[in-house]
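Novice: The structure that follows is given in the form of structure tokens.
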């Protein structure tokens, strides 16, 4: 019915077309859409356009920006520190993704088969995800303290690990060899529950009959996991990977609070580097160029995610 | 073997849950330590007696009340506005016919691809232009709109019969009255899901409030805690920091526990902003 009406409208002349549509509901639609649409245009589209323009401009906050072509991009790409930042971000993102995906999957499979306290465990693992990163980063900073921190106390029961540092207590956040990995661990702890919930949804979408036939065929626990569960959750696995990567590229809070990008730039990640350029060095052009490079990375990942998403069957409400 | 089968998974999950919750316990325990007990080795996880004066110090030594009030105000207003505007737009996409509907929808869709950090620098200068830097407007206004919520409501209304609304129209309600009196009350679950999402996101947000606030009395909790941490030169006052952190996470944990079901449904519908 509606499609026929629309076809007829298309056939009608342009003048007629506009008149007809705005006659009834069109103006009400404007009223309903205006706040959100204006908001997005002003607070998202305008800045993104400005960011694009600024990434090709020189501006030191005084005077007006002027066009410099690709200079900012050249400036950013010629800086070895940018490549260090990119490498750090890459290591961080891949580290978080790998740990989170495997831990999340194993925990979800385990959680899916217990008969007691399911909701309790899910809530417990999920709790870090909803808490402010700044507040929990404070505690992790304390846990990582070299002299009196909880982590080094725990590790003192495993002398092999302290030998790695020549018997000295490891200064997790002040040692360029460990600082980035300390932030990876914090990040994994923070968002593992989120991964877990996505995997649980994926697992519960697997019909029971599949497991029944596997057990009839005499498959053991491991065989069932590798040959049945894993192939069946592959779409979820891809989806979770991309989401984790996208979130990882946006890391900022913990770096700002705990390491300030140090020591020796070992934890300087993209967003933090952009922030420094913009609000500490007042190099707006290069900061915008970094923002756009970040945008392209995330855009690419988002497009991959949308492609995968079409194949990802969601089952809401049964988690 | 049978016992292992039955209890093994629970044992693994229990150990994992203890490790996951341990930082929260460390936070709480350290916030109740006396000053001289902090630099103790091994760390004291079961403080006795309990030093509640650390919490009192929050209000004497730093403007914790102000930070808390700012967080409450900003999160509450952001949530209320965000939910209302998204519901209106989602309703329009679901129920109304208008020209260039697909194009407008595409405009909404595209914003999901932009990470907020990309916008943050020019957005700051836009706030400067508006004269909103270091004012509540900068903390609230940009957070009032979002595409994810629009999709959530569009989906919700698409899956809901429109007979009641048609009846309301027959009775002479205009679309705005119909929306407000009939459609919106029926969308409570969608509103709850989005509200929890937005509230938690707003409460936890750090980078934006950090950039647009300069004076102490505009700081939200995360920015206040960060400033407190930076203010220590030689010796960090860990007990005070932990007390501040504990106070900052309690409301958000409360909201999450109350609306857990909705929150997780929202996640499965596919959008999380951190």
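The values are calculated or read from the model by the stated rules, or taken from the named source; none is laboratory data. Since the model is a prediction, treat every value here as computed from it, not as a measurement. Neighbour counts are summed over all protein chains in view; Cβ atoms, including those assigned to glycine, are modelled from backbone coordinates with ideal geometry.
Novice: Scan segment B:111-126 residue by residue and report those that are free of Cβ contacts under 8 Å to residues at least 12 places away in the same chain, surrounded by fewer than 23 Cβ atoms within 10 Å (Cβ to Cβ) and either over 20 Å from the mean Cα position of the chain (by Cα) or more than 7 Å from chain A (Cβ to nearest Cβ) (or both).
Specialist: The answer is B:113, B:125, B:126.
Novice: Continuing with the same structure: Pick out the one residue from A:293, A:258 that is surrounded by fewer than 21 Cβ atoms within 10 Å (Cβ to Cβ) and out of contact with any strand residue (DSSP E or B) (no Cβ under 6 Å at 6 or more places or on another chain).
Specialist: A:293
Novice: Any idea which of B:50, B:58 is touching a helix residue (DSSP H, G or I) at 6+ places or on another chain (Cβ under 8 Å) and either within 14 Å of chain A (Cβ to nearest Cβ) or surrounded by fewer than 19 Cβ atoms within 10 Å (Cβ to Cβ) (or both)?
Specialist: Sole residue among the options that is touching a helix residue (DSSP H, G or I) at 6+ places or on another chain (Cβ under 8 Å) and either within 14 Å of chain A (Cβ to nearest Cβ) or surrounded by fewer than 19 Cβ atoms within 10 Å (Cβ to Cβ) (or both): B:58.
Novice: Okay, next question. Report those helices (runs of 4 or more DSSP H) wholly inside segment B:156-209 carrying at least 3 residues which are modelled with pLDDT of 90 or more.
Specialist: It comes to B:188-204.
Novice: Quick check on my filter: what residues within segment B:67-103 are touching a helix residue (DSSP H, G or I) at 6+ places or on another chain (Cβ under 9 Å), more than 9 Å from chain A (Cβ to nearest Cβ) and surrounded by fewer than 17 Cβ atoms within 10 Å (Cβ to Cβ)?
Specialist: Of everything in segment B:67-103, those that are touching a helix residue (DSSP H, G or I) at 6+ places or on another chain (Cβ under 9 Å), more than 9 Å from chain A (Cβ to nearest Cβ) and surrounded by fewer than 17 Cβ atoms within 10 Å (Cβ to Cβ) turn out to be B:72, B:73, B:76, B:80.
Novice: Here is a list: A:229, A:234, A:224. Which entry is more than 11 Å from chain B (Cβ to nearest Cβ), touching a residue at least 60 places away in the same chain (Cβ under 8 Å) and more than 17 Å from the chain's Cα centre (by Cα)?
Specialist: A:229
Novice: Oh, and also: Picking from B:241, B:250, which residue would you name as being more than 13 Å from the chain's Cα centre (by Cα), within 10 Å of another protein chain (Cβ to nearest Cβ) and either assigned to a helix (DSSP H, G or I) or over 26 Å from residue B:38 (Cα atoms) (or both)?
Specialist: None of the other options fit; the residue is B:241.
Novice: While we're here: So, of the residues in segment B:143-177 that are without any contact (Cβ under 8 Å) to a residue 40 or more places away in the chain, under 30 Å from residue B:200 (Cα atoms) and surrounded by 16 or more Cβ atoms within 10 Å (Cβ to Cβ), which turns out to be farthest from the other protein chains (Cβ to nearest Cβ)?
Specialist: Within segment B:143-177, the match that is farthest from the other protein chains (Cβ to nearest Cβ) is B:160.
Novice: Output the residues belonging to segment A:95-119 that are part of a helix (DSSP H, G or I), over 27 Å from residue A:251 (Cα atoms) and in contact with a helix residue (DSSP H, G or I) (Cβ under 8 Å, 6 or more places away or on another chain).
Specialist: Hits for segment A:95-119 are A:109, A:110, A:111, A:112, A:113, A:118.
Novice: When you scan segment A:53-83, how many residues do you find that are surrounded by 11 or more Cβ atoms within 10 Å (Cβ to Cβ) and part of a strand (DSSP E or B)?
Specialist: Residues meeting the conditions: 2.
Novice: Which of the residues spanning segment B:217-238 are part of a helix (DSSP H, G or I) and at the interface with chain A (Cβ under 10 Å from one of its Cβ atoms)?
Specialist: Matches in segment B:217-238: B:221, B:222, B:223, B:224, B:225, B:226, B:228, B:229, B:230, B:238.
Here is a yes/no grid of residues against (1) crowded, with 23+ Cβ neighbours inside 10 Å; (2) under 30 Å from residue A:239 (Cβ atoms); (3) touching a residue at least 24 places away in the same chain (Cβ under 8 Å):
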site	(1), (2), (3)
B:216	no, no, yes
B:220	yes, no, yes
B:226	no, no, no
B:235	no, no, no
B:244	yes, no, yes
B:250	no, no, no
B:260	no, yes, no
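Novice: Here is a follow-up. In segment A:243-275, what residues are within 21 Å of residue A:97 (Cα to Cα) and either free of Cβ contacts under 8 Å to residues at least 12 places away in the same chain or not in a helix (DSSP H, G or I) (or both)?
Specialist: Selection gives A:250, A:251, A:252, A:261, A:266, A:267, A:268, A:269.
Novice: Tell me, yes or no, whether segment A:154-168 has at least one residue that is closer than 20 Å to residue A:259 by Cβ, assigned by TED's automatic domain parsing to the domain that holds residue A:112 and assigned to a loop (DSSP other than H, G, I, E, B).
Specialist: The answer is yes; a qualifying residue exists.
Novice: Moving on to the next point. Which one is surrounded by the fewest Cβ atoms within 10 Å (Cβ to Cβ), of the residues in segment A:143-157 that are more than 8 Å from chain B (Cβ to nearest Cβ) and farther than 16 Å from residue A:185 by Cβ?
Specialist: Filtering first and then ranking leaves A:157.
Novice: Answer yes or no: is there a residue in segment A:186-198 that is in the same structural domain as residue A:235 (by TED's automatic domain parsing), farther than 25 Å from residue B:265 by Cβ and at pLDDT 90 or above.
Specialist: Checked against the condition, which is being in the same structural domain as residue A:235 (by TED's automatic domain parsing), farther than 25 Å from residue B:265 by Cβ and at pLDDT 90 or above, segment A:186-198 yields at least one hit.
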